[in-house]
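Peer 1: What follows is a structure written as structure tokens; I'll ask about it next.
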């Protein structure tokens with residue numbers, strides 16, 4: 001799977017890159033932070049950001065947690081989303097929606 005990024009003013013390609021995902025997983029979310037950082041999440045729970053448009057870097061991993069982060073976006077380098085149980089697929093509106101969370105970006109370097 002590949003991504004192509006265009007300069008919106010000139011309509012020229014300025015970056016082409018692969019979209020890394022964890023083996024035996026699928027891409028479940030792609031978006032941009034308010035700062036313009038491309039972000040992906042795969043079905044194994046790994047969130048990656050294209051840091052400096054140079055390298056996809058893992059920034060969050062919910063594969064070993066008791067919940068999953070249903071990703072909504074990123075603001076001020078904090079992931080925004082909802083914590084769900086492992087068996088839930090999407091947030092449910094029950095009364096007031098009060099489980100939205102802001103999670104700091106973690107650089108998961110080896």
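The values are calculated or read from the model by the stated rules, or taken from the named source; none is laboratory data. None of these values were measured; they are calculated from a predicted model. With ideal geometry, Cβ positions are generated from the backbone for all residues, glycine too; neighbour counts draw on all protein chains shown.
Peer 1: Can you list residue pairs whose Cβ atoms sit under 6 Å apart, with the first residue in segment 73-94 being at pLDDT below 80 and the second being assigned to a strand (DSSP E or B)? Count only pairs 6 or more apart in sequence or on different chains.
Peer 2: Once the first residue is at pLDDT below 80 and sits in segment 73-94, its partners that are assigned to a strand (DSSP E or B) give 91/70; 91/82.
Peer 1: Now, a different point. Being modelled with pLDDT of 80 or more, surrounded by 14 or more Cβ atoms within 10 Å (Cβ to Cβ), farther than 24 Å from residue 15 by Cα and out of contact with any strand residue (DSSP E or B) (no Cβ under 7 Å at 6 or more places or on another chain), is that true of even one residue in segment 41-59?
Peer 2: yes
Peer 1: Next up: Can you name the strands (runs of 3 or more DSSP E) wholly within segment 30-98 that have at least 2 residues being more than 17 Å from residue 20 (Cα to Cα)?
Peer 2: Hits in segment 30-98: 67-75, 78-85.
Peer 1: List, please: which pairs have Cβ atoms under 8 Å, are six or more places apart or on different chains, and start with a residue in segment 1-17 that is farther than 19 Å from residue 56 by Cα and end with one that is at pLDDT below 90?
Peer 2: Pairs that qualify, where the first residue is farther than 19 Å from residue 56 by Cα and the partner is at pLDDT below 90, are 7/14.
Peer 1: Tally the residues that are closer than 19 Å to residue 78 by Cα and either loosely packed, with under 10 Cβ neighbours inside 10 Å or at pLDDT below 90 (or both), restricting the search to segment 1-31.
Peer 2: 0
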